[in-house]
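The values are calculated or read from the model by the stated rules, or taken from the named source; none is laboratory data. Source: prediction; values computed, not measured. Here the Cβ positions follow ideal geometry from the backbone for every residue, glycine too, while neighbour counts run over all protein chains shown. These area figures cover heavy atoms from the full protein model, side chains too; ligands, DNA and RNA do not enter into them. Shrake-Rupley method; radii C 1.70, N 1.55, O 1.52, S 1.80 Å.
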Amino acid sequence: MTEEKFRVIQLTREFILIVDKELDNFPRKDIEIKARLRNTCFDLLEILYKANMIENIEKKKELLEIAIAKVKIIDFLINLSFDRELISNKKYLRLGTKLEEMIRYITGWLKKYVNSKE
């Protein structure tokens, strides 16, 4: 895997790989949760690439707000997986730690543009 220069994108790519690895043994009846989680992760990655490339500040802020919403959906799906005992405590903590780091970078990135307007 090539290294991304932009840290939040690199974290998201790493998170997708962890999700693929850690959620490998999902029961068939709960496979929809896993599929939704993977798809939302890929959507998040796409949004972050777009936000990184776009010049329009208002559009960039909008994309970052959407990215934060996607992270919250991912968090919900991970919590749901843990509550249903589909993932262990160890996997839950590993995914949660990485997710916290991602949200810190995204909110910091957003604050940069919110504060520049004032």
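Entry comment: accessible area of the chain is 63 Å² per residue, from protein heavy atoms only and a probe of 1.4 Å. Here r is the Cβ-Cβ distance between residue 113 and residue 32 and R0 is 30 Å; the resulting FRET efficiency, rounded to 0.05, is 0.25.
Using a cut-off of 21 Å between Cα atoms, the listed pairs 50/91; 91/112; 34/72; 21/98; 72/111; 61/112 include 50/91; 91/112 as exceeding that distance. Here percent of Cα pairs over 26 Å apart was computed from the coordinates, and among (1) 14; (2) 22; (3) 10 the match is (2). Protein heavy-atom surface of the chain, 1.4 angstrom probe: 52% of the accessible area is carbon and sulfur, with nucleic acids and ligands not counted. Near residue 77, once Lys and Arg are set to +1 and Asp and Glu to -1 for all other residues with Cβ below 12 Å from its Cβ, the sum equals +2.
Between the helical axis of 57-83 and the longest alpha-carbon principal axis of the chain there is an angle of about 10 degrees. Enter the angle in degrees (range 0 to 90, nearest 10) between the Cα long axis of helix 31-53 and the first principal axis of the Cα atoms of the chain, meaning the one along which they spread out most. Compared with the principal axis, the helix lies near 20 degrees.
Fully extending the segment from residue 14 to residue 58, taken as 0.36 nm per residue of separation minus the present Cα-Cα distance, adds 13.0 nm.
Summarising the amide proton neighbourhood of residue 87: residues at separation of 5 or more, or on other chains, whose placed amide H is nearer than 5 Å comprise 82.
Axis of helix 89-117 versus longest Cα principal axis of the chain: the two differ by about 10°, to the nearest ten degrees. Shown are 83, 30, 43, whose ranking by accessible area with a 1.4 Å probe and every protein chain present, most to least, is 83, 43, 30. Ranking 59, 70, 50, 112 from most to least accessible surface, computed with a 1.4 Å probe over the protein chains only, gives 112, 50, 59, 70.
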